[in-house]
1. Extending each Cα 7 Å along its Cβ direction at Thr48 and Lys338, get the distance between those two points in nm, one decimal.
2. Please list, in order along the range 292-299, the HN-Hα scalar couplings obtained from phi with the Karplus expression 6.51 cos²θ - 1.76 cosθ + 1.60 (θ = phi - 60°), rounded to whole Hz, x for Gly and Pro.
3. Can you work out the Karplus-derived ³J(HN,Hα) for every residue in the range 131-142? Use 6.51 cos²θ - 1.76 cosθ + 1.60 with θ = phi - 60°, whole Hz, and x for glycine or proline.
4. For a label point 7 angstrom out from the Cα of Glu281 toward its Cβ, which stretches of the range 222-244 have the backbone nitrogen within less than 18 Å?
5. Semi-axes of the equivalent ellipsoid of the chain: what are they in whole Å, largest first, if each equals the square root of 5 times a C-alpha gyration tensor eigenvalue?
6. For the range 179-337, state the semi-axes of the equivalent ellipsoid (square roots of 5 times the eigenvalues of the alpha-carbon gyration tensor), sorted largest first and rounded to whole angstrom.
7. About its Cα centre, what dipole magnitude does the range 173-353 give when the only charges are +1 on Lys and Arg Cβ and -1 on Asp and Glu Cβ, stated in debye to the nearest 20?
8. When DSSP beta bridges are limited to those with both residues in the chain, what percentage is antiparallel, rounded to the nearest 5?
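Just so it is clear, none of the values below were taken in a lab; they were calculated from the coordinates. These figures come from a predicted structure and were not determined experimentally. Counting neighbours? That spans all protein chains shown, and the Cβs are built from the backbone with ideal geometry, glycine included.
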Amino acid sequence: MPISRRKFLVRGSQCVLMFGMLPGLWACDGHTRKEEIENAGYKALIATIGRERTDILWYASFAPSSHNAQPWMVTIKSPDKWIISSVEERWLPEVDPENREMLLSIGAFLENMVTAAKAYGFGVKIRRNAVSAFDPELLRLELTSGERQEYPLQRLLERRTLRTGFKSEAIDPQDFSAITGDEKGFSYYQPLSPEAVWLDEATIEANRQQVERDNVQQELSRWIRWSNADAKKYRNGLTPEGMDITGLAGWYVKNFYGPSDVMGKDFRRATVERVKQQISESGGWIVITSESGSPASIIETGRRFERMFLKAKDRSIGVHPMSQVLEEVPWSEEARKKLVLQKPPQFLLRVGYLRDYPLPVSLRMSLGEITEVKVR
Ligand SMILES: Cc1cc2nc3c(=O)[nH]c(=O)nc-3n(C[C@H](O)[C@H](O)[C@H](O)COP(=O)(O)O)c2cc1C
């Protein structure tokens with residue numbers, strides 16, 4: 001139930017007083033990655049496939065995904081034979097009717113998995129199964145013995161989506177080259193370039209249009225974990241911290257907001273205002289294209305995205321996927337031409353240098369919820 005402005009101010013000042021006296025409570029409020037290792041399913045999986053293979057799955061689970069829906073499921077047929085599927089309940093039919101973003105998220109998950117597997121000394125054979133983005137079974141993996149490849153796995157835990165605190169200076173070409181590894185399919189548009197200006201404006205307008213779509217807001221409301229209790233229960237979706245609603249506003253929404261508020265005018269308006277604020281601080285845009293629209297090509301794009309994302313922190317570069325231009329007509333139809341791209345764009349990433357790179361805040365489901373053991 002919405003509360004009056006007066007009540008809000010009273011409760012708000014109580015909160016400031018309380019947190020002023022007990023600043024440590026902010027920390028208790030959040031959810032740390034350390035506790036994820038104690039999560040349900042981790043120990044049980046070690047008993048079945050051993051610690052190294054369990055760790056590979058655990059590292060993979062920190063991949064980014066649209067709405068943090070974590071659409072992946074790994075079926076363990078034997079310690080070395082795994083199937084990656086997507087779970088229909090974690091698709092986003094309103095913003096992602098073609099399952100394009102789902103496949104990109106699966107690609108990021110696969111990249112984390114392969115990176116961790118190589119660091120533990122495994123090779124990974126990948127067979128692509130999916131013909132359509134709606135096939136439940138997407139990939140078959142086989143772990144083989146391989147060369148141990150040095151990789152700072154901490155990167156997989158520290159990577160996070162950043163939405164605020166970007167400096168407005170352009171990305172240095174050397175940094176762009178370092179984080180993309182000079183792989184193909186990456187374009188950079190610096191601030192005030194015609195393409196960046198178009199992306200800035202189109203993103204605001206696409207958001208303005210999207211928040212008016214009730215079905216989209218309803219879908220979003222199912223993925224927002226307003227209270228700490230819900231965050232702990234579901235361990236997926238978006239928390240206020242995950243949406244960058246922090247401080248007093250964060251405390252307020254955690255305590256007084258529920259699913260129906262997402263349908264209200266205030267929330268819709270505040271969303272567009274937040275996007276405008278985000279766009280106002282930007283070091284430009286990185287756009288990632290795929291070779292084609294096939295499921296295999298889109299999964300591969302998700303892998304390239306994650307490879308780049310994992311390297312960005314070392315260069316103090318924040319990465320913010322902003323997908324609404326690709327989700328809303330007419331911008332989705334215009335993007336390729338306006339950005340002068342030869343291939344289809346799959347990721348629009350607002351990027352920028354950061355003063356500091358804060359700790360991740362997004363939730364992850366337990367290994368028990370994203371794996372099923374079917375060893376015969
Ligand atoms: C395909 C894809 C699309 C995304 N689109 C958006 C977006 O439009 N806006 C946004 O704020 N974050 C977007 N994200 C970031 C996710 O919200 C984020 O990865 C998720 O909440 C988990 O948080 P983390 O990246 O900090 O681990 C997207 C991520 C992926 C993989």
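1. A separation of 4.7 nm, rounded to one decimal place.
2. Here the 3J(HN,Hα) series is 8, x, 6, x, 4, 5, 6, 4 Hz.
3. Listing the rounded values in order: 9, 10, 5, 9, 5, x, 8, 10, 9, 10, 10, 10 Hz.
4. The answer is 241-244.
5. Semi-axes from the Cα gyration tensor: 32, 27, 20 Å.
6. Each semi-axis is the square root of five times an eigenvalue, giving 29, 19, 17 Å.
7. Magnitude of the dipole: close to 460 debye.
8. Among the beta bridges of the chain, antiparallel pairing accounts for roughly 90 percent.
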